[in-house]
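Following: one structure in structure tokens, then a few remarks.
The values are calculated or read from the model by the stated rules, or taken from the named source; none is laboratory data. This one's a predicted model, so the numbers in the text were calculated from it and none came from an experiment. Ideal geometry is used to build each Cβ from the backbone, glycine not excepted, and the neighbour counts take in all protein chains shown. Please note that ligands, DNA and RNA were not included when accessible areas were found on the heavy atoms of the full protein model with its side chains. Shrake-Rupley method; radii C 1.70, N 1.55, O 1.52, S 1.80 Å.
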Amino acid sequence: MLGRVNHIALAVPDLEAAVARYRDSLGATVSAPQVLPEHGVTVVFVTFDNTKVELLEPLGEASPIASFLAKNPDGGMHHICYEVTDILAARDHLQAAGARVLGNGEPRIGAHGNPVLFLHPKDFFGTLVELEEVKG
Ligand code: CO
């Protein structure tokens, strides 16, 4: 059911500082910031040969990562994203197996323009899991 690890997402309190650290100290390739009001975050992608690291900064009062950063003021790993080829089939399979899908259970369009869903961290050993539908 699962394909590649699409990305690992880190919540950061200061995106500019995080970009500078990844770009200047680690020499990594970092994308321009994308403002995603519908997701309550501003995001950049750090690209690696085999995957990406997503740096997330809260955007707006109701940001879904605000409470995470309140508990982890220095930032921390927020979620891991696995690729699936059929997100509705994956959702149905997981729900039948007792896993909880966050929100209304319907996929939303994520930062890469693909449908995404989030799975309850309590069902995945304390880690928030994102599924992203990637064709082919
Ligand atoms: Co993500």
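Annotations
- Annotation for the stretch 93-136: chymotrypsin sites (Phe, Trp or Tyr not before Pro) lying in DSSP loop with at most 10 further Cβ atoms inside 10 Å of their Cβ are 125.
- Percentage, to the nearest whole number, of Cα pairs in the stretch 1-78 over 15 Å apart: 55 percent
- Candidates 36, 56, 81 compared by Cα position along the dipole of the chain: farthest toward the positive end lies 81, with charges placed on Cβ.
- Helix 87-96 and the longest principal axis of the Cα set of the chain meet at an angle near 60°.
- Of all the options 61, 83, 106, the one that moves most in a Gaussian network model of the chain with Cα springs shorter than 10 angstrom is 61.
- For a straight C-alpha distance cut-off of 15 angstrom, the aspartates and glutamates reachable from residue 135 (same-chain residues fewer than eight places away being disregarded) are 83, 86.
- Whichever lysines have a C-alpha closer than 25 Å to that of residue 71, once near sequence neighbours (fewer than 8 apart) are set aside: 52, 122
- For the chain, the C-alpha radius of gyration divided by 2.2 N^0.38 Å, with N the number of residues, is 1.04.
- Probe 1.4 Å, protein heavy atoms only - accessible area per residue of the chain in square angstrom: 56 Å²
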